[in-house]
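Here is the structure we will look at.
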Amino acid sequence: MNIALVLAGGTGNRVGADVPKQYIEVADKPVISYCMETLTAHDGIDAVQIVADVMWQEYIRKHIAGEKFRGFSSPGENRQMSILHGLQDIRNYAGADDWVLIHDAARPLLSSCQISDCLAASAGHDGVLPVLPMKDTVYYSEDGRVVSQLLARSQIFAGQAPELFRLGSYFTANESLLPDRILTINGSTEPAIMAGLDIVMIAGDEGNFKITTREDLKRFRQMIGEHI
């Protein structure tokens, strides 16, 4: 069983809108609905769980359809706690050997191909992480003011979503970080790496960007042909 866990509990303050970025309407539908349509239409996805504040849940219900939606989970103190809440709820209807595909609602341009690539790469591993290579020269600074050393660009990658994990081992990896260490986690794959799980990298998709700023939102509107 493959379950998609969609994270929609953030506030999106950097966009500067009156509502969280994942609920901003673009071309007459909220940002979250774009990735939801792709996930529910994919033959490899069996169920979808959404992390969302209770005040937005009825709104979300009006914009999603299909039998794959299984329910809502409560947001946590940070992104990783939101993921843990989602995993806890998913475990009520899925087993340890099932897979969970974690995706941000604010990444609307998720492709069916990227989902398929994640699922196909999972064999023999504990998880899958799409990555993008670094295009610019990368430097390391110990004090944030002067350059300490040049890093090997070919060995540095930017992680993307969706990230795929085997449910049982990934849940245990997150649970082991309670109560405080989990609040310091910045990326979904970090708990898996800390637990020594085998995470394989695959090619990411530059078009699958996250809407974080006004410019990101403007870019998305332009890409889908909405008049600004």
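The values are calculated or read from the model by the stated rules, or taken from the named source; none is laboratory data. Here the structure is a predicted model, which is why all the values come from computation and not from measurement. Note that each Cβ is placed from the backbone with ideal geometry, even for glycine, and that neighbours are counted across all protein chains shown.
Among the residues making up the stretch 76-86, those that are under 16 Å from the mean Cα position of the chain (by Cα) and under 14 Å from Ile182 (Cα atoms) are Gly76, Asn78, Arg79, Gln80, Met81, Ser82, Ile83, Leu84, His85. Restricting to the stretch 95-140, and then to whatever is hydrophobic (A, V, I, L, M, F, W, C) and modelled with pLDDT under 95, can you tell me which residue is nearest to the chain's Cα centre (by Cα)? Only one residue tops the list, namely Met134.
Mind listing whichever residues of the stretch 129-156 are assigned to a loop (DSSP other than H, G, I, E, B) and of a type in the set (Ser, Thr, Tyr)? Of everything in the stretch 129-156, those that are assigned to a loop (DSSP other than H, G, I, E, B) and of a type in the set (Ser, Thr, Tyr) turn out to be Thr137, Ser141, Ser148.
From (1) in a loop (DSSP other than H, G, I, E, B); (2) in contact (Cβ under 8 Å) with a residue 60 or more places away in the chain; (3) not aliphatic (A, V, I, L, M), pick out the condition that doesn't hold for Phe171. Single failed check for Phe171: (1).
For the stretch 98-110, indicate whether the set of residues that are hydrophobic (A, V, I, L, M, F, W, C), in a loop (DSSP other than H, G, I, E, B) and farther than 30 Å from Val26 by Cβ is non-empty. No, that holds for no residue.
Among the conditions (1) in contact with a strand residue (DSSP E or B) (Cβ under 6 Å, 6 or more places away or on another chain); (2) among the aliphatic types (A, V, I, L, M); (3) surrounded by 19 or more Cβ atoms within 10 Å (Cβ to Cβ), Leu217 misses just one, which is (1). From the list Ala203, Ala192, Ala173, which residue is farther than 27 Å from Glu25 by Cα, buried (at least 16 other Cβ atoms within 10 Å of the Cβ), among the small types (Gly, Ala, Ser) and in contact with a strand residue (DSSP E or B) (Cβ under 8 Å, 6 or more places away or on another chain)? Residue meeting the stated conditions: Ala192.
Within the set Asp98, Asp89, Asp143, the sole residue that is out of contact with any Ser or Thr (no Cβ under 9 Å at 6 or more places or on another chain), touching a residue at least 12 places away in the same chain (Cβ under 8 Å) and not polar (S, T, N, Q) turns out to be Asp98.
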